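Remarks on the structure that follows.
The values are calculated or read from the model by the stated rules, or taken from the named source; none is laboratory data. Computed from a predicted structure; not experimentally measured. SASA here: full protein model, heavy atoms, side chains in, ligands and nucleic acids out. Shrake-Rupley method; radii C 1.70, N 1.55, O 1.52, S 1.80 Å.
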Amino acid sequence: MINGKSSIIPEHIAIVMDGNGRWAKKRLLPRVAGHRAGVDAVERIVKAANEIGIRYLSLYAFSTENWKRPKEEIKGLMGLLKYYLLKKAQLLKQENVRIRFAGRRSDLSDEVLSLMDSAEAVTAECTGLQLIFCLNYGGRQEIIDAVNTAIHSGHIGSISESLLEENLYLPDVPDPDLIIRTSGELRLSNFWLWQSSYSEFFFSDVLWPDFNRDNLIEAIKSYEGRERRYGSFTV
Ligand code: IPE
Ligand code: IPE
Ligand code: MG
């Protein structure tokens, strides 16, 4: 940190990939076509983030609330996820990208769980970008799960910040420095609730399927100009 300005690229970028449905609607296509185009955007942004030297990229792919959507759409989303993990894990390994997941495993099908496990295993030794898919993820649920894990492992006293953090889904991953949300919506929608206390935010009107490398760079540039004070002050 120089003069309070971050001046370095964010270590962890988190993205609420929103706007797939509206992208499809504009083209009179079914919503799943928007999700398909969203997968292309994922590939584009993962490649760019890895090249730029981002250490952690977390992508909000399916929230605990997204089960409220029509069965057909959920099936389409899970199908795309399975396709992505099956087809891309090897390629990501070649690009030195490590795949990880955050979220509740319950409710996900055995087929999805086994593809997640194998994508994680195939890329476990990769030392480049860590690509985190937040899947069946909810920030409130994560906090509840962390408290319950702590209780079940014998901590029946009071909960501290460090004890809670040790029991989050990915305790070794640093808090997001920059959270991007696409499609013009200005909310967190239950994403990284604990971890976002001091995150910087960037809201883009671009719909996720159209989000590209230049949009990512614009967000990073905006971040670089911010002054992060963490409750203190700079002279
Ligand atoms: C984001 O796009 C993708 C997921 C939530 C999985 P949406 O499907 O929410 O797109 P909009 O918000 O309806 O445009
Ligand atoms: C947030 O988007 C969840 C993901 C991107 C996975 P939503 O489209 O589900 O959020 P709301 O319903 O507009 O808040
Ligand atoms: Mg949405």
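Using only the Cα atoms of segment 102-235, build the gyration tensor, take square roots of its eigenvalues as a ≥ b ≥ c, and label the shape rounded, prolate or oblate: rounded if a/c is under 1.5, else prolate if a/b is larger than b/c, else oblate.
oblate
How large is log10 I(q)/I(0) at q = 0.18, 0.20 Å⁻¹ when the Debye formula is applied to the Cα atoms of segment 1-86, each weighted equally and without solvent?
The calculated log intensity ratios at q = 0.18, 0.20 Å⁻¹ are -0.85, -0.99.
Over all alpha-carbon pairs in segment 195-235, figure out the percentage whose distance exceeds 14 Å.
58 percent
Tell me, in nm to one decimal, what length is gained between E227 and E120 on full extension, where the rule is 0.36 nm per residue of separation less the Cα-Cα distance?
Full extension of this stretch gives 35.0 nm more.
Enumerate the amide H contacts of E200 below 5 Å, restricted to partners 5 or more residues apart or on another chain; note that Pro and chain-start residues carry no placed amide H.
When sequence neighbours closer than 5 places are left aside, the close amide H contacts are L178, I179.
Can you run phi through the Karplus equation (6.51, -1.76, 1.60; θ = phi - 60°) for segment 36-41 and list ³J(HN,Hα) in whole Hz, with x for Gly and Pro?
Ordered by residue, 3J(HN,Hα) equals 4, 5, x, 5, 4, 5 Hz.
Using θ = phi - 60° and the Karplus relation 6.51 cos²θ - 1.76 cosθ + 1.60, list the HN-Hα couplings for segment 180-197 in order, rounded to whole Hz, with x at every Gly or Pro.
9, 10, 8, 6, x, 7, 10, 8, 8, 6, 6, 9, 5, 4, 5, 7, 8, 3
With every protein chain kept in place and ligands, DNA and RNA left out, what is the accessible area per residue of segment 131-235? Probe 1.4 Å, answer in Å².
Result: 51 Å² of accessible area for each residue.
Counting residues in segment 89-143 as N, plug N into 2.2 N^0.38 Å and put the Cα Rg over that result.
Compared with the compact-globule rule of thumb, segment 89-143 sits at 1.19.
Quick check on the chain: of the DSSP beta bridges with both residues there, what percent are antiparallel, nearest 5%?
5 percent
Just to check, using Stokes-Einstein with a Kirkwood Rh over alpha carbon pairs, what's the diffusion coefficient of segment 33-191 at 20 °C and 1.002 mPa s in µm²/s?
Estimated via Stokes-Einstein, D reaches 127 µm²/s.
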